[in-house]
Amino acid sequence: MPSFEILMPFFIATAIFACIPGPGMLYAAARTLSGGRQAGWLAAIGLHIGGYGHIVATAFGLAVVLSAVPVLYGAVKLAGAAYLVWLGCRMFVARDLPGGTGSVRRSTGPRKAMSQSIVVELLNPKTALFYLSYLPQFTALDAAFPVWLQILILGTIVNLLFSVTDILCVLLSEKAMRLMAASQATNRLARRFGGSVLIALGVNLAVSRQ
């Protein structure tokens, strides 16, 4: 592994990045508000699993393709944006079950949250370029491990720290839901707010220049 002089700035920078509010935090919070605690936890796990796809791609040079082929980057970005908007729209228009119980007929149930979140993460080319530009800075050619293994280890650390903050967002969102009255109106408002956040994230991804 790289020397202590390299690893210390890595841990400090990664901790700072992890604490900066970003799309992952907003996404996890939105899934919690719209689908409940289970959906939030599964969404955070899905984002974490999807992150390993980008780490592996960086370690073995696959992420370079996105950087080198603008058309492919744009296609992946638009696909990810469209998927986020689609998920948000489904949450926004989901209807309450009849009977006044406050239950919701969710078109995107908690069990689907993890698989959908994996897709969301994999279709975010910004994450791929982040790992591609960030991780190699903290590798060393003269280290005991090969560069690709260093990237896998460092990427795993980054992914774990990012997941910690995503889980904190899930817990805070769940706390906010408990503080609000458990009524159909509240559930509907939370669900539509969560759907709106996903739509906004999708639009932002689509119109962003990088």
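Between the listed residues L179, Y83, S117, the Cα displaced farthest toward the positive end of the dipole of the chain, a dipole computed from Cβ unit charges relative to the Cα centre, is found at L179. Listed by chain and number, the lysines placed with their C-alpha closer than 28 angstrom to that of K77 are K112, K126; residues fewer than eight positions away on the same chain are left out. In order along the range 193-205, phi translates into HN-Hα couplings of 5, x, x, 5, 4, 5, 4, 5, 5, x, 5, 4, 5 Hz, rounded to whole numbers, per the Karplus curve 6.51 cos²θ - 1.76 cosθ + 1.60 with θ = phi - 60° and x for Gly and Pro. Atom-type composition of the exposed protein surface of the chain places 71 percent of the accessible area on carbon and sulfur (1.4 angstrom probe).
Between the listed residues G22, N159, L42, the Cα displaced farthest toward the positive end of the dipole of the chain, a dipole computed from Cβ unit charges relative to the Cα centre, is found at L42.
Would you mind getting me the FRET efficiency between V56 and T186? Use the beta-carbon distance for r and R0 = 35 Å, nearest 0.05. Walk me through the numbers before you get to the answer.
Details: r = 41 Å, r/R0 = 1.18.
After rounding to 0.05, the efficiency reads 0.25.
Across the range 80-92, rounded Karplus estimates of 3J(HN,Hα) from the backbone phi angles (6.51 cos²θ - 1.76 cosθ + 1.60, θ = phi - 60°) give x, 5, 4, 5, 4, 4, 4, 4, x, 5, 5, 5, 5 Hz, Gly and Pro being marked x.
Once Cα extents along the principal axes in Å is calculated for the structure shown, the corresponding label among [x] 58, 31, 22; [y] 58, 52, 42; [z] 67, 36, 25 turns out to be [z].
Karplus-based coupling profile of the range 22-34, in residue order and whole Hz: x, x, x, 4, 4, 5, 4, 5, 5, 5, 5, 5, 8, with θ = phi - 60° in 6.51 cos²θ - 1.76 cosθ + 1.60 and x standing for Gly or Pro.
I need the fraction of alpha carbon pairs in the range 14-92 separated by more than 22 Å, rounded to a whole percent. Before the final figure, lay out the partial values.
Numbers: 1143 of 3081 pairs.
Above the 22 Å cut-off, the range 14-92 has 37 percent of its Cα pairs.
The charge dipole of the chain, taken about its Cα centre with unit charges on the Cβ of Lys, Arg, Asp and Glu (plus for the first two, minus for the last two), comes to roughly 1140 debye.
Judged by the mean number of other Cβ atoms found within 10 Å, the most tightly packed of the peptides 16-26, 37-47, 119-129 leads the ranking 37-47, 119-129, 16-26. Highest mean packing comes first when the peptides 57-67, 141-151, 193-203 are listed by Cβ atoms within 10 Å, giving 193-203, 57-67, 141-151. Average accessible surface for the range 124-210: 54 Å² per residue, computed with a 1.4 Å probe over protein heavy atoms with every protein chain in place.
The values are calculated or read from the model by the stated rules, or taken from the named source; none is laboratory data. Model, not experiment: these values are computed from the prediction. Note that each Cβ is placed from the backbone with ideal geometry, even for glycine, and that neighbours are counted across all protein chains shown. Ligands, DNA and RNA are stripped out before the accessible areas are found, and what is left, the full protein with its side chains, is counted by its heavy atoms. Shrake-Rupley method; radii C 1.70, N 1.55, O 1.52, S 1.80 Å.
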